[in-house]
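Scroll down for the structure; my scribbles are underneath it.
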Amino acid sequence: MSNLLDYVKQQMTNEVKHPNFKAGDTITVSYKIKEGEKERIQQYNGVVIQRKNEKATASFTVRKISNGIGVERIFPVTSPFIEKIEVNKVGIVRRAKIFYIRELTGKAARIREKLQTKTKKA
């Protein structure tokens, strides 16, 4: 029964290619917004605090601080309105869902960054 449901969900959603990211990563989501007849792309930059579900029903939550107020937005991974996702920083966290970051402010809310090693060309 579960395989049948997976098959139906797969047929109903389109296949999208996004970069791999996880909780703790800082990403920029370019999201299409339709206002009447016009369409524009809005960039939402923040820290991923969770990835939820998998396959067709997958979603992720991005948190940012806007004018001193924490704002969270949930994006479905298979949404046709997502133009692209860019991974800005890869964070090092020990949890899959970092809800504890909601209570932290300032320097305490920082996430350690994974340093990118450069390869030497011979």
For region 9-33 the number of residues that are without any contact (Cβ under 8 Å) to a residue 40 or more places away in the chain and charged (D, E, K, R) is 2
Of all the residues that make up region 96-122, how many are at pLDDT below 85 and hydrophobic (A, V, I, L, M, F, W, C)?
3
Apart from one, (1) out of contact with any helix residue (DSSP H, G or I) (no Cβ under 9 Å at 6 or more places or on another chain); (2) closer than 25 Å to residue 10 by Cα; (3) modelled with pLDDT under 90 all hold for residue 86; the odd one out is (3)
Test each condition in (1) touching a Gly at 6+ places or on another chain (Cβ under 7 Å); (2) surrounded by 13 or more Cβ atoms within 10 Å (Cβ to Cβ) for residue 81 and report the one that comes out false.
(1)
Count of region 93-114 residues which are exposed (fewer than 11 other Cβ atoms within 10 Å of the Cβ) and closer than 24 Å to residue 54 by Cβ
1
By residue number, the members of region 90-104 that are under 16 Å from residue 62 (Cα atoms) and free of Cβ contacts under 8 Å to residues at least 60 places away in the same chain are 99, 100, 101, 102, 103, 104
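Conditions tested, residue by residue: (1) under 20 Å from residue 109 (Cα atoms); (2) over 13 Å from the mean Cα position of the chain (by Cα); (3) of a type in the set (D, E, K, R); (4) surrounded by 13 or more Cβ atoms within 10 Å (Cβ to Cβ).
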{"residue": "35", "(1), (2), (3), (4)": "no, yes, yes, no"}
{"residue": "39", "(1), (2), (3), (4)": "no, yes, yes, no"}
{"residue": "50", "(1), (2), (3), (4)": "yes, no, no, yes"}
{"residue": "57", "(1), (2), (3), (4)": "no, yes, no, no"}
{"residue": "61", "(1), (2), (3), (4)": "yes, no, no, yes"}
{"residue": "67", "(1), (2), (3), (4)": "yes, yes, no, no"}
{"residue": "70", "(1), (2), (3), (4)": "yes, yes, no, yes"}
Within region 99-117, restricting attention to residues that are outside any loop (DSSP other than H, G, I, E, B) and not aliphatic (A, V, I, L, M), which residue is nearest to residue 70 (Cα to Cα)?
102
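The values are calculated or read from the model by the stated rules, or taken from the named source; none is laboratory data. Everything numeric in this text was worked out from a predicted model, so none of it was measured. Counting neighbours? That spans all protein chains shown, and the Cβs are built from the backbone with ideal geometry, glycine included.
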